[in-house]
Structure formats: C-alpha cells, structure tokens
Amino acid sequence: MKFKISFKLKLTMRNDICLSIGNVDYSAVIEYLNRVSFAEIRIDLLNLKREQLSHIFSAYNNLIATCRGGSIGDDERFMILIDALDQGAAFVDVEIDSTEHWFKPIVEKAKALKRKVIVSSHNFQHTPNADELYRTVDSLFDAGADVAKIACMVRSPEDNAKMLGLYASYQNLISLGMGNRGVISRVLAPLLGAPFTYASIPGQGTAEGQLDKNQMNEIINFLEQHTSGKD
C-alpha cells in the first residue's frame, strides 16, 4: 500500500512527543511554548538571560530542564538547574556520569519539590551488547530516575533491535538510537511503552537523527491508525 505523508505546520502536538528547544532566540522559545504542551528546554543550546529562564519555567507547565556540559561550567549548570526547579520545572534531566557531589543534590532537590527526575546515559560511539545495556538502565533507576533515558549510537539493524528490546523489561524507560540509523527507535518509542519521545523544531535539531515535530507527529499518528487492530 502506498501512502503519502504531508508535513504541514501544526499548532498542537501529541502529549507523548516532547519538543526539544535549542538554537533559537528567546522570542522563538516563547512562540513554540505557546504552541505545545510539553517541551525540553536545552539551556546549554540557548543564549538566555537568567530572568528569561525564570519566566519560562514559572510561566509554562510540563517543561524539562536540561543543561548539558561543555559550553557551560559545572558550577553554573548546577545553579541553573536548581533555579529551574525552584521556578517550576516539571522535570530535570541529569547525566549518570556526572560527579556525585553535583548530581545528588539536584536529584534530592527535585524529589523534595515532587518533580520528576530523568537520569540519562549517552554513548556517542556505539550500541553496547545487551548485558551492558541492561546494567546501564539498572544504574539509571538505582540513581533515582523516575524516567530512565538511554541513547546510543546506532550503526546497524541489530543495534536498533537491542535498543528497542529494552522495553520488554522496563517501564518509564526512553531508549533512543542516535544517528540516522536510529530514527526508527525514536518513532517507535511511545508505541512500545516509552512515556514520550523527543522531536526538534523544524531545522533546529538538538540530537543526531532527531526528526522534527511535524514529521514525528505525522508518522506516529499514521502508525497508530494502521496498527490499532481496527479495520
């Protein structure tokens, strides 16, 4: 059966697609937050002032505060994420390989405020074997994750199978393949049990292999319509 998917601009998006916002200015951030109900604020990819961040997290519900290392020092990242929680961030994303003295207080702060913790692991080189993947996911939950996120570079169909196979053993897991070969894992994630998947602003991806929000919306809706068991 042939089908055609058209990617038209939409003002709304599925609740199981998280719009990852980065590489745009403040006015664009606000514009997109007014269109969607769930978003990740990639603070490390946004050149925003402290008062602008405070307004974003206090004015909009259901936001993930994420600030990766590299361009921003650990001390500043720590205070940014603590401030985001104080202002109302619903989720905070922290990397499992962070030092304990940085990682633990953020997790404890989030728990005290009854916010959700995403503990994430990224392997930018390859997808490990199944045993290592399971050990990694276990470590994310052991570290206090309400939602465990694992992302690995996918180089073969077998890598995708390993990543997607994790859903048979865990709840509240997001397992994503990075790179162009990992796109299918991002599309199937919410259909296999992930609480949500990530998509980008059109033309402003924040991860390799990430589809934009319009593409993700259309494809998942199409798959749901044709795999629901209804004629």
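Coordinate-derived values only; no laboratory data. Not measured: the values here are computed from a predicted model. When we count neighbours, we look across all protein chains shown, and the Cβ atoms used for this are built from the backbone with ideal geometry, even at glycine.
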Scope segment 168-190; condition surrounded by 18 or more Cβ atoms within 10 Å (Cβ to Cβ) and either more than 16 Å from the chain's Cα centre (by Cα) or polar (S, T, N, Q) (or both); matching residues: Tyr170, Ser175, Ser185
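For (1) out of contact with any Asp or Glu (no Cβ under 6 Å at 6 or more places or on another chain); (2) under 23 Å from Val119 (Cβ atoms); (3) touching a residue at least 24 places away in the same chain (Cβ under 8 Å), each residue gets a yes or a no:
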site	(1), (2), (3)
Ile17	yes, yes, yes
Ser20	no, yes, yes
Asp25	yes, no, no
Phe38	yes, yes, yes
Leu45	yes, yes, yes
Glu51	yes, no, no
Ser54	yes, no, yes
Ile64	no, yes, yes
Phe78	yes, yes, yes
Subset tally (residues that are surrounded by fewer than 14 Cβ atoms within 10 Å (Cβ to Cβ), closer than 23 Å to Ile96 by Cβ and either in contact with a Cys (Cβ under 9 Å, 6 or more places away or on another chain) or of a type in the set (D, E, K, R) (or both)) for segment 34-86: 3
Residue that is nearest to Val147 (Cα to Cα) [pool: residues in segment 191-201 that are surrounded by fewer than 21 Cβ atoms within 10 Å (Cβ to Cβ) and in contact (Cβ under 8 Å) with a residue 60 or more places away in the chain]: Pro195
Number of positions in segment 108-131 that are aliphatic (A, V, I, L, M) and surrounded by fewer than 19 Cβ atoms within 10 Å (Cβ to Cβ): 3
Strands (runs of 3 or more DSSP E) wholly inside segment 31-106 that include at least 3 residues being in contact with a Ser or Thr (Cβ under 9 Å, 6 or more places away or on another chain) and under 22 Å from Gly144 (Cα atoms): 39-42, 91-95
